[in-house]
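Here's the structure, in structure tokens; my notes come after.
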Amino acid sequence: MITNDLYSKILLEPAERGGDELFIVSGYASATFARRHLKDLSERKEDTKINLIIGMPKNTVDHNAYLQLHTEFGNRFRGYYLKSTPPVHSKVFTWFNSGKPQEAYSGSANYSQYGFFEDKQRNQMVSDNSIEIKNFFDDLLSSSIFMPHAEIDNSAVFYRVQKVHGSVPAGGVEWIELGKTVRISFLDKKGMLPPVSGLNWGQRKEKRINKGTGEVKYVLREKNQAYLSLKGDVREEGFLPKMAYNFTLLTDDNASFDCVVAQEGRKAIHSTNDNSELGRYFRKRLGLEPGAFVTVEDLERYGRTDYTLSKIDDENFLLDFSVKPN
């Protein structure tokens, strides 16, 4: 029985032994974990494929994040929702090598960060029969729908995020529901928008040192680079995940980003794929050109100088930047 280091032993090391395709049936799964897994596999074996059936797809809030995985990774990721009853609570994994069974595992770990990392849950896995698990996968596949073909309406997810008038005080934090929903100011306590951090992170110059000559140069960064500043008790663990954990950030206008809590003191939310993603997103919503310097006046003209962050679950959060009509 395997009870520790499940992520490496079940999901990474088999690829190092030659596995090039993984078939998974998991009652619950998360898109942010699938992205992390795909990226980690890419460092070991670039063309490794993952096939996933989610057996209990009641919570599909990260559907758009799954669609992004299909777009970004192509045929390396194929995800399905079980559409028949009863739901399937299994957690089974089988690796194949060039179309032939290699090794398989079953146990208590869902395909998620909380299933495979021991600091949140203790789970166990055991070796199993590759062919039997593949047959089980194929049997469920006939009753499943390919994620890009699924019609998912997540509008109900946003029911509790109230459209707002105005903004919280400069530099402030306002909990709408403690531990669940909070409004956070983009501004500092003096009412200024930081010129080289937060939404303007990419406007700074980066110091680079030539290791051979010791020469120091300052070069411009990609001007769209940005992060969401966290303030006050929002930084404390319990609302947002630990710094090592990825999460999906969904938006009120149907975008999604894979993110982490970052910086010393948990001061920021960064996008994991590209530090410019959040900057491009907010500039577009503000009606600005890509790479533009963002000002307080830009935010005021838009209608708010803060954003709302809501927790759906440990791996999915809502970002609301909408403005209530007058």
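Coordinate-derived values only; no laboratory data. All figures in this text were calculated on a predicted structure; none of them were measured in a lab.
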Structure-based [θ]222 nm, the chain - -39500 (n - 2.57) summed over DSSP H runs of at least 4, per residue, nearest 500: -5000 deg cm²/dmol
Integer Hz, Karplus 6.51/-1.76/1.60 couplings in order for the range 312-318, x for Gly and Pro: 8, 7, 5, 10, 9, 10, 9
Euclidean distance of C-alpha centroids, the range 73-114 and the range 247-298, integer Å: 32
Rg over Rh [alpha-carbon atoms, Kirkwood Rh] for the chain: 1.01
Karplus (6.51, -1.76, 1.60) ³J(HN,Hα), θ = phi - 60°, over the range 91-96, in Hz, Gly and Pro reported as x: 9, 10, 9, 10, 9, 10
Cα-Cα over 25 Å, subset of Lys39/Lys91; Lys134/Lys311; Lys9/Lys134; Lys190/Lys231; Lys190/Lys242; Lys49/Lys83: Lys134/Lys311; Lys190/Lys242
Amide H contacts under 5 Å for Leu228, placed H, 5+ residues apart: Ile269
Length-normalised contact order of the chain in % [C-alpha pairs under 8 Å, at least 6 apart]: 16
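Under the 0.36 nm per residue contour assumption, what length would be gained going from the current alpha-carbon distance of Thr295 and Thr213 to full extension?
Contour length minus Cα-Cα distance gives 25.6 nm.
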